[in-house]
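Single-structure report; data block below.
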Amino acid sequence: RRPTVSEDDFIRTVNELRESGNIELELPPLKVDSYLGYLKVGYENAWFYLIVLVALATFLAIYVLPSTYPLVILRWVVGSLFVLFLPGYVTIQALFPERRDLDNIERFALTVGLSLAITPLIGLILNYTPWGIRLSPIVVALSVFTFGVAIAGTIRKYRLALRRLRARSL
């Protein structure tokens, strides 16, 4: 007769093996046949939709909400996320598409650091354009950069999903 193991003991043992590096856990490969089909997988692309949502909230806060006292705080919050977090976050997602590439702390630190580097560079480039450094050109340039790099990140993740699916079918 085989000995039985409790569910808690099993989970604890698997977590210990994962933390020690003896086993590697990953989700089953996605069965998608196109990039657009991949974008419909919610749990895999939640970060992308959150980026779109924050960018839209930023547009609304800047161009629709009045800049009176109570509502201006919302403008500051979403504007700060838009400038200090999103550019670096999408860049990290595009450069390191797999979760195991970086720890969460490393991801966050690189996100903020890259945002603090990318935003002034975009401002420097805008300085040499006819539009200059004003609110609308900055919002448009950061949006184009953020959406472009976010799409590049989803394409990289889609290609990784395809590679995993092909590797499993061999």
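The values are calculated or read from the model by the stated rules, or taken from the named source; none is laboratory data. As the structure is a computational prediction, the values presented were derived from the model and not from experiment. Every residue, glycine as well, gets a Cβ built from its backbone with ideal geometry; the counts of neighbours run over all protein chains shown. These area figures cover heavy atoms from the full protein model, side chains too; ligands, DNA and RNA do not enter into them. Shrake-Rupley method; radii C 1.70, N 1.55, O 1.52, S 1.80 Å.
What part of the accessible area of the chain, given as a whole %, is carbon or sulfur when the probe is 1.4 angstrom?
Carbon-and-sulfur percentage of accessible area, whole number: 66.
Let me see the P(r) profile for region 12-78: every Cα-Cα distance counted, bins of 5 Å, each bin given as a percent of all pairs.
3, 14, 13, 10, 9, 11, 11, 10, 8, 6, 3, 0
Residues of the chain: accessible area per residue at 1.4 Å, in Å²?
Working: 11480 Å² over 170 residues.
For the chain, the per-residue accessible area is 68 Å².
Could you sort the peptides 69-79, 109-119 by per-residue average Cβ neighbour count (10 Å cutoff), highest mean leading?
The most tightly packed comes first, giving 109-119, 69-79.
Per residue Cα convex hull volume for the chain, in cubic angstrom?
Cα convex hull per residue, to the nearest whole number: 180 Å³.
Compute the long axis of helix 135-169 from its Cα atoms, compare it with the longest principal axis of the Cα atoms of the chain, and write down the angle in degrees, 0 to 90, nearest 10.
20 degrees
Under 12 Å from the Cβ of W47, count the other residues' Cβ atoms, weight Lys and Arg +1, Asp and Glu -1, and hand me the total.
Every neighbour counted, the sum reads +2.
By accessible area of protein heavy atoms, probe 1.4 Å, what ranking do Y63, Y128, Y89 get, highest first?
If we order Y63, Y128, Y89 from most to least accessible, we get Y128, Y63, Y89.
With a 1.4 Å probe and every protein chain left in place, tell me how much accessible area I11 has, in Å² to the nearest 10.
Estimated to the nearest 10 Å², I11 gives 80 Å².
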